[in-house]
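Peer 1: Dropping a structure here in structure tokens format, bear with me for questions.
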Amino acid sequence: MHVLHVVGARPNFMKAAPVLAALARVSGVQQTLIHTGQHYDSNMSDVFLQQLEMPPPDLNLDVGSGSHARQTAEIMSRFEPVVTERRPDLVLVYGDVNSTVAAALVCSKLQVRVGHVEAGLRSRDRSMPEEINRIIIDQLSDLLFAPSEDADQNLRREGIDASKIHRVGNVMIDTLVRLLPRSRRYKPDDLPARYALVTLHRPSNVDDPIWLRELLVALVECSQDLAIFFPVHPRTHQRISELGLPQTANGRVCLMDPKSYLEFLALQQGATVVITDSGGMQEETSFLGVPCLTLRENTERPITVSQGTNQLIGRDISLLKSEIRRILSGDTKKASPIPLWDGHAAERIAKVVIRGQHLL
Ligand code: UD1
């Protein structure tokens with residue numbers, strides 16, 4: 001059996017790594033790894049492949065950046081001949097980025113089976129580009145690997161046949177469980193006792209200069225009470241340079257280059273609070289029991305709010321400040337373990353993939 005995996009952007013790597021490893025343990029499975037090149041900076045891609053111990057990609061499509069239409073179209077036109085030549089039995093796609101939807105579209109038109117890892121997540125906010133991608137990817141997929149019960153319900157509600165849906169748990173947590181012990185070596189010696197870890201990259205936060213400035217000013221104010229570490233995504237870096245960090249920043253908000261997986265995990269585990277708009281961090285903080293304030297109006301991962309440590313802050317600066325104060329006072333939300341977020345999701349995916357061989 002030949003399984004071809006498609007990755008392209010930073011959050012894909014942590015999801016694909018455990019599935020590649022689980023299928024590598026099964027005899028008779030040939031695997032191909034295609035990197036679309038959506039993320040191309042070494043600190044957004046290469047360092048992740050190395051630390052996650054992924055095999056080097058068999059091919060990099062080198063698509064780079066562009067508008068959504070251009071990037072998606074470029075991935076499709078470069079990926080189509082790869083599928084035609086390599087003739088995989090199954091293509092596995094991950095998450096909700098442009099690389100994922102482009103690959104799913106190509107495969108479904110070539111009638112190659114597609115498996116979607118992290119199926120069924122819905123924010124119900126179509127202004128979010130990833131939501132459009134999620135809906136399309138799930139409609140086109142033959143195997144839907146859902147991380148949680150809400151995800152299967154979303155899929156069934158959209159008319160997807162129950163036989164295609166497999167609730168397997170969360171592959172990102174597989175990677176976290178595996179690498180958490182190793183990440184402790186990456187903890188800086190001079191970390192303050194209390195600090196916030198901040199990340200922002202969603203267009204809804206960083207592409208609006210008035211809101212971005214307000215947020216930065218709020219972070220500067222919060223830095224009087226606790227240190228702030230802010231690894232900056234390339235898109236955000238560009239926006240902050242256009243804006244100029246508010247004068248009052250005075251070096252208290254520590255802007256840094258994007259961190260490697262292990263460095264970042266060490267920072268996340270020790271944080272007093274995480275302030276973010278990332279999807280993956282809502283999940284990781286819930287697993288780690290670290291309070292998470294999400295700078296979004298909605299989430300496609302509601303289980304992190306109902307059972308985890310996540311809280312939606314939206315665009316409410318005063319709520320952000322009062323929640324930080326509450327967390328600093330020691331009043332934190334308690335999380336309960338989320339079913340199947342146990343480090344074994346990829347093994348469950350491998351079982352389904354192998355079982356499905358007879359369908360080929
Ligand atoms: C993409 C995903 C988003 C995911 C995020 C994680 C889509 C629609 N969005 O957003 O869901 O949460 O990745 O990071 O697929 N850039 C660089 N170097 C790189 C990559 C990007 O400088 O290695 C810059 C480019 O200027 C580019 C911008 O960042 O235009 C945005 O990159 P892009 O891949 O389009 O989207 P992300 O914002 O990273």
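Peer 1: Pick from segment 1-11 the residues that are under 18 Å from T175 (Cα atoms) and either within 11 Å of the ligand (Cβ to nearest atom) or surrounded by fewer than 20 Cβ atoms within 10 Å (Cβ to Cβ) (or both): which of them is farthest from the chain's Cα centre (by Cα)?
Peer 2: Only one residue tops the list, namely G8.
Peer 1: Let me ask another. If I filter segment 199-219 down to residues being away from the ligand (no atom under 16 Å from the Cβ) and under 23 Å from T285 (Cα atoms), which single residue comes out as farthest from the chain's Cα centre (by Cα)?
Peer 2: A218
Peer 1: Please tell me if T36 is within 10 Å of the ligand (Cβ to nearest atom), under 21 Å from E80 (Cα atoms), of a type in the set (V, I, T) and in the same structural domain as N12 (by TED's automatic domain parsing). Walk me through it before giving the result.
Peer 2: Values: within 10 Å of the ligand (Cβ to nearest atom): yes; under 21 Å from E80 (Cα atoms): yes; of a type in the set (V, I, T): yes; in the same structural domain as N12 (by TED's automatic domain parsing): yes.
Judged against the criteria, T36 is a match.
Peer 1: Tell me which residues, restricted to segment 89-102, are over 13 Å from V112 (Cα atoms) and either assigned to a helix (DSSP H, G or I) or away from the ligand (no atom under 12 Å from the Cβ) (or both).
Peer 2: Just the residues of segment 89-102 that are over 13 Å from V112 (Cα atoms), to begin with: 94-102.
Those that are over 13 Å from V112 (Cα atoms) and either assigned to a helix (DSSP H, G or I) or away from the ligand (no atom under 12 Å from the Cβ) (or both): N98, S99, T100, V101, A102.
Peer 1: Among the residues of segment 220-248 satisfying the criterion of being out of contact with any strand residue (DSSP E or B) (no Cβ under 6 Å at 6 or more places or on another chain) and in a loop (DSSP other than H, G, I, E, B), which is farthest from I275 (Cα to Cα)?
Peer 2: This residue is G244.
Peer 1: Touching a helix residue (DSSP H, G or I) at 6+ places or on another chain (Cβ under 8 Å), in a loop (DSSP other than H, G, I, E, B) and either without any contact (Cβ under 8 Å) to a residue 40 or more places away in the chain or of a type in the set (F, W, Y) (or both), is that true of I136?
Peer 2: No.
Peer 1: I'm trying to understand the selection: among the residues of segment 12-27, which are buried (at least 24 other Cβ atoms within 10 Å of the Cβ) and within 12 Å of I349 (Cβ to Cβ)?
Peer 2: Once the filter is applied, which keeps residues that are buried (at least 24 other Cβ atoms within 10 Å of the Cβ) and within 12 Å of I349 (Cβ to Cβ), segment 12-27 yields K15, A16, P18, V19.
Peer 1: I'd like the full set of residues that are surrounded by fewer than 21 Cβ atoms within 10 Å (Cβ to Cβ) and either at pLDDT below 95 or small (G, A, S) (or both), limited to segment 31-76.
Peer 2: S42, G64, S65, G66, S67, A69, A73
Peer 1: List the residue pairs whose Cβ atoms are under 8 Å apart, where the first residue sits in segment 64-79 and is under 16 Å from L110 (Cβ atoms), the second is within 9 Å of the ligand (Cβ to nearest atom), and the two are 6 or more positions apart or on different chains.
Peer 2: The qualifying pairs are I75/G8; I75/Q38; I75/N98; I75/S99.
Peer 1: So, one more: Filter segment 85-113 down to residues that are closer than 18 Å to L23 by Cα and crowded, with 24+ Cβ neighbours inside 10 Å and give me whichever is nearest to the chain's Cα centre (by Cα).
Peer 2: Y94
Peer 1: Same structure again: So, in segment 259-288, of the ones that are in a loop (DSSP other than H, G, I, E, B), out of contact with any Phe, Trp or Tyr (no Cβ under 8 Å at 6 or more places or on another chain) and under 22 Å from S42 (Cα atoms), which residue ends up farthest from the ligand (Cβ to nearest atom)?
Peer 2: Checked segment 259-288; the qualifying residue farthest from the ligand (Cβ to nearest atom) is K259.
Peer 1: Considering only segment 43-51, I want to know if a residue exists there that is among the aliphatic types (A, V, I, L, M), within 13 Å of the ligand (Cβ to nearest atom) and part of a loop (DSSP other than H, G, I, E, B).
Peer 2: No: zero hits.
Peer 1: Need the failing condition index for V217 against (1) outside any helix (DSSP H, G or I); (2) assigned by TED's automatic domain parsing to the domain that holds T304, just the number.
Peer 2: Among (1) outside any helix (DSSP H, G or I); (2) assigned by TED's automatic domain parsing to the domain that holds T304, the lone unmet condition for V217 is (1).
Peer 1: Next question, about the same structure. State all residues of segment 59-88 that are among the polar types (S, T, N, Q) and either within 9 Å of the ligand (Cβ to nearest atom) or part of a loop (DSSP other than H, G, I, E, B) (or both); if no residue qualifies, say none. Explain how you work it out, then say what you get.
Peer 2: Let us first name the residues in segment 59-88 that are among the polar types (S, T, N, Q), namely 60, 65, 67, 71-72, 77, 84.
Within segment 59-88, S65, S67, Q71, T72 qualify.
Peer 1: Right, here's the next one. Are any residues in segment 50-89 touching a His at 6+ places or on another chain (Cβ under 8 Å) and aliphatic (A, V, I, L, M), and if so, which ones?
Peer 2: If the condition is that a residue be touching a His at 6+ places or on another chain (Cβ under 8 Å) and aliphatic (A, V, I, L, M), then L59, L61 are the ones that fit.
The values are calculated or read from the model by the stated rules, or taken from the named source; none is laboratory data. Since this is a predicted model, take the numbers as computed values, not measurements. Here Cβ is always computed from backbone atoms with ideal geometry, including for glycine, and neighbour counts include all displayed protein chains.
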